[in-house]
1. Can you compute the radius of gyration and Dmax for segment 1-100, using only the Cα atoms, both in Å?
2. Compute the Rg/Rh shape ratio of segment 187-240: radius of gyration over Kirkwood radius, all on alpha-carbon atoms.
3. Identify all lysines with a Cα-Cα distance to Lys258 below 19 Å; exclude those on the same chain that are fewer than 8 residues away in sequence.
4. So for segment 264-393, what are the equivalent ellipsoid semi-axes in whole Å, largest first, each being the square root of 5 times an eigenvalue of the Cα gyration tensor?
5. When Rg is the radius of gyration of the Cα atoms in segment 86-182 and Rh is its Kirkwood radius, what does Rg/Rh come to?
6. So what's the projected area for the chain, the Cα convex hull averaged over all directions, in nm²?
7. Got the relative contact order for segment 219-333 handy, in percent, Cα pairs under 8 Å and 6 or more residues apart?
8. Ignoring the sites themselves, what is the longest stretch of the chain with no trypsin sites (Lys or Arg not before Pro) in a DSSP loop and at most 13 other beta-carbon atoms within 10 Å?
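What follows is calculated from the coordinates using simple rules that are stated; it is not laboratory data. Treat the numbers as computed from the prediction; the structure is a model and nothing was measured. With ideal geometry, Cβ positions are generated from the backbone for all residues, glycine too; neighbour counts draw on all protein chains shown.
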Amino acid sequence: MVRQPPPRPHLLARGKRADQANAFLGKAWDKGWLPPPTLDPDTLWRIAAKPFGPRADAAEHGGRSAEDVADFRERLTRMCDSVRSEADLNPLGQAMAFGQLLRTVKTRLALGDLWSKRPELLATRLAPPIIVIGHMRSGTTRIHKLLAADPAHSHTRYCDAYHPVPARRGVNRAKATFELAMLGVLNPWMQSIHPMAPAEVEEELAWISAALHHSIYESQWRIPAYSAWSEGRDPAPIYREFLRMFRTDAAIRGIADKPRVLKVPAFAEDLATLLALLPDARLVLAERDHAAVLKSAVSLAANQMAIQSDTCDLAQIEALWRHKIALREERLAAVLASWQGPVARLDFAQLNSDWEGAIRSCYSALGLAMTPAALGQMRKVMAASASGHHHAHAAQLAGFNSVSAP
């Protein structure tokens with residue numbers, strides 16, 4: 001049995017190991033034991049490009065249009081500026097930001113290098129996907145895992161979401177295992193908020209984040225300038241990169257003929273763009289009371305932000321997620337008003353009271369066949385979920401009567 005961490009005492013709590021790591025890094029930099037990390041975009045690019053040598057330029061452009069190349073460069077510059085000027089990161093946060101952004105550039109170059117050598121990956125034909133749409137904390141993860149359990153469908157694994165460059169058998173899974181272990185040390189409550197495992201079903205948030213979509217970053221750092229700019233910018237370059245990664249993953253894993261169950265809450269912001277690239281998709285809409293969504297979203301964001309900044313403001317976090325909910329509702333409604341494809345709607349309360357009935361109605365609305373094999377696998381998912389870490393978060397969340405820390 002996995003040992004549960006002590007209850008999270010308040011929304012901005014952080015674990016002992018995070019405090020220790022933060023103190024050590026600050027001291028190491030002050031005393032000159034270690035060089036502080038840089039968030040200069042040119043330096044990040046130079047470090048990431050060094051292993052590619054003379055192939056670096058070809059790797060940057062591999063499989064991509066000039067517009068997509070320029071979009072990423074501008075995003076990296078603006079992201080670094082926003083993090084440096086707005087996020088007020090502590091030493092641990094600075095180290096984590098450096099690590100994330102450097103890995104993003106390295107992944108960008110490695111994928112471009114792959115596509116330069118294997119352009120046929122980008123021509124992979126995909127089965128019509130099933131896209132789960134809904135706010136963060138609205139039941140999308142449960143729907144995603146249930147639909148992905150159907151043997152007739154395919155899904156993205158955590159190790160492939162966060163390590164999309166193909167590697168020797170087991171290498172990416174080993175990397176993911178190590179990273180999740182380290183995350184558990186620094187953030188003992190993360191698995192109760194969003195359970196993850198190296199080879200398990202995972203959303204594609206990391207794929208759009210690899211093109212510097214704002215969603216994963218604004219849930220960790222206060223970057224209002226970047227968020228506002230990115231929300232107002234055409235996201236087409238991000239989703240073209242997402243599609244290239246989707247095709248590559250499907251081809252490498254040999255699952256392109258199975259409908260992929262896709263899920264990222266931020267899809268609701270950009271659904272028009274996504275559907276222009278995947279016009280034969282089926283949609284599943286997760287619906288939940290907005291007050292409950294807000295409370296849980298604030299809890300998740302506060303948990304991640306508190307580790308990386310000592311000056312988190314819960315009022316600002318709540319304001320951000322009120323804005324996100326409203327923005328996504330507005331954009332989603334505009335798309336659905338003219339969408340002619342299959343749509344199923346699943347209510348959070350119905351999923352709790354009768355998940356089998358809810359999923360059967362979903363399959364009917366999408367024109368899918370519910371097989372005994374699919375239902376059997378879904379029952380296994382729900383049985384495993386009954387003892388999952390996420391119940392601890394639900395119990396603690398119920399005890400947070402306000403957004404204020406003590």
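1. Calculated on Cα positions, Rg and Dmax stand at 18.3, 52 Å.
2. For segment 187-240, the value is 1.04.
3. Leaving aside lysines fewer than 8 places away in the same chain, those within reach of Lys258 are Lys145.
4. Numbers: eigenvalues 172, 105, 30 Å².
Equivalent ellipsoid of segment 264-393: 29, 23, 12 Å, largest first.
5. On the way: Rg = 17.0 Å, Rh = 16.6 Å.
Ratio value, two decimals: 1.02.
6. Working: hull surface 78.7 nm².
Result: 19.7 nm².
7. Across segment 219-333, relative contact order equals 40 percent.
8. Numbers: sites that count: Arg3, Lys31, Arg125, Arg168, Arg169.
Maximal segment without exposed cleavage sites: 170-406.
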